[in-house]
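The values are calculated or read from the model by the stated rules, or taken from the named source; none is laboratory data. Please read all numbers here as calculations on a predicted model, not as lab measurements. Cβ atoms come from the backbone with ideal geometry, glycine included; neighbour counts cover every protein chain shown. These area figures cover heavy atoms from the full protein model, side chains too; ligands, DNA and RNA do not enter into them. Shrake-Rupley method; radii C 1.70, N 1.55, O 1.52, S 1.80 Å.
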Amino acid sequence: MIDVKDLFKEELVKEVATLDLEPFRASQILDWVYKKRAVDFDAMTNLTASAKAALKEKFYISGLELIKEASSKDGTIKFLLGLQDSQRIESVFIPSNKTNTVCVSSQVGCKFACEFCASGKAGFVRNLRPAEIINQVLFIQAAHAVTNVVFMGMGEPLDNYDFVIKAVRLLNAPYGLGIGQRKITIHFDRGCCTRNKKTGG
């Protein structure tokens, strides 16, 4: 099964063609997923019943589960989110006067175990797929306006280079979230949003 949000538009076009569906169906699907926030194919009212059935055989649309939410006096909100394999990651919403930033994780755990950071204490589990990175932004966007995205949550982004770059391109794509390139930052100094040793995150 393929997660729709793991694919570029051109990749999705090729995949739907294997189901004998017209190329324009890819644009319809992406519009439902990114703009209308559909979580299943049944919600896509401009697709035929046969198209929906075929798509369900090959694709799925992933999501995240809210496990815990903690707010600070400055308006920052930290989210503990569950992945579909029961692993957990953290995302942080950081509001300011001019920007609303989402700090996203790129890995479950971390290989580097820097002394100042809590992310590596439990060790490295796996890289996050592009869809799992994008889902963090989508999850927070459902309740908060988001202007910026920064990769400095759990994990070392450049240790997951291919998936992180693909996620960035999907976040920036007009058929994706349409977030400007200058609004997306990748930190590569192992600085992260999970530095507080006392709280473990």
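Is it fair to say LYS35 is of a type in the set (Lys, Arg) and under 29 Å from MET152 (Cα atoms)?
yes
Considering segment 1-21 alone, what residues qualify as being free of Cβ contacts under 8 Å to residues at least 24 places away in the same chain and either part of a helix (DSSP H, G or I) or in contact with a Gly (Cβ under 6 Å, 6 or more places away or on another chain) (or both)?
Scanning segment 1-21 gives GLU10, GLU11, LEU12, VAL13, LYS14, ALA17.
It is to be established whether one or more residues within segment 90-99 are farther than 26 Å from LYS183 by Cα and of a type in the set (Asp, Glu).
The answer is no; no qualifying residue exists.
Under the condition of being surrounded by fewer than 18 Cβ atoms within 10 Å (Cβ to Cβ) and part of a loop (DSSP other than H, G, I, E, B), which residue from segment 126-152 is nearest to the chain's Cα centre (by Cα)?
That would be ALA142.
Filter segment 124-136 down to residues that are farther than 14 Å from ILE77 by Cβ and either in contact with a helix residue (DSSP H, G or I) (Cβ under 6 Å, 6 or more places away or on another chain) or at pLDDT 95 or above (or both), then give me how many there are.
9
Considering only segment 22-66, how many residues are open to solvent by 10 Å² or more (accessible area, probe 1.4 Å), assigned to a helix (DSSP H, G or I) and either touching an Asp or Glu at 6+ places or on another chain (Cβ under 9 Å) or touching a residue at least 60 places away in the same chain (Cβ under 8 Å) (or both)?
Number satisfying all stated conditions: 6.
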